[in-house]
Amino acid sequence: MPDAEGHPELQEIDFQTVLRALSDPLRYQVIATLAREPEGTERTCTSFGLPVSKSTRTHHFRILREAGLVQQVDRGNSRGAQLRRQDIEQRFPGLLRLVAENASLSGRHDLLAG
């Protein structure tokens with residue numbers, strides 16, 4: 001059962017849900033960006049510079065959180081997002097490497113450089 005903030009437990013992270021979350025180009029780039037960062041990197045949602053309204057940005061991060069791709073922590077008036085690298089690697093070995101490499105190969109990694 002997901003925790004109070006909507007983070008699923010490791011065994012609840014579903015492959016189809018993860019793929020649906022990654023199907024959106026902005027969400028894909030958020031995950032690709034975090035996958036290329038050092039382990040434990042935490043960034044605020046606004047730091048990605050998504051070209052969308054605040055409510056749409058909140059929606060995108062809710063989808064990523066509920067899919068189990070990111071862990072979010074309240075930081076006063078903002079939220080920090082951290083990739084659930086170990087959990088995703090345990091559930092779907094190699095997925096994050098593929099996401100990061102594909103984003104780099106396609107030249108789309110500059111979209112959210114930060």
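For this structure, a couple of remarks:
- Positions within region 23-61 being hydrophobic (A, V, I, L, M, F, W, C) and surrounded by 15 or more Cβ atoms within 10 Å (Cβ to Cβ), in sequence order: Leu26, Val30, Ile31, Ala32, Leu34, Ala35, Cys45, Phe48, Leu50, Phe61
- Per the listing Arg91, Arg108, Arg85, Arg75, the residue uniquely modelled with pLDDT under 95, charged (D, E, K, R) and touching a helix residue (DSSP H, G or I) at 6+ places or on another chain (Cβ under 9 Å) is Arg108.
- Count - residues of region 62-77 that are farther than 13 Å from Gly6 by Cα and either buried (at least 18 other Cβ atoms within 10 Å of the Cβ) or of a type in the set (S, T, N, Q) (or both): 1
- A Cβ distance below 6 Å, combined with a sequence gap of six or more or placement on separate chains, defines the contacts here; from region 58-80, residues that are within 12 Å of Val30 (Cβ to Cβ) reach residues that are of a type in the set (Gly, Ala, Ser) and exposed (fewer than 14 other Cβ atoms within 10 Å of the Cβ) in the pairs Arg65/Gly6.
- Annotation: Gly80 fulfils all but one of (1) in a strand (DSSP E or B); (2) crowded, with 21+ Cβ neighbours inside 10 Å; the unmet one is (2).
The values are calculated or read from the model by the stated rules, or taken from the named source; none is laboratory data. Keep in mind it's a predicted model, so treat the numbers as computed, not measured. No Cβ is skipped: glycine too gets one built from the backbone with ideal geometry, and neighbour counts run over all protein chains shown.
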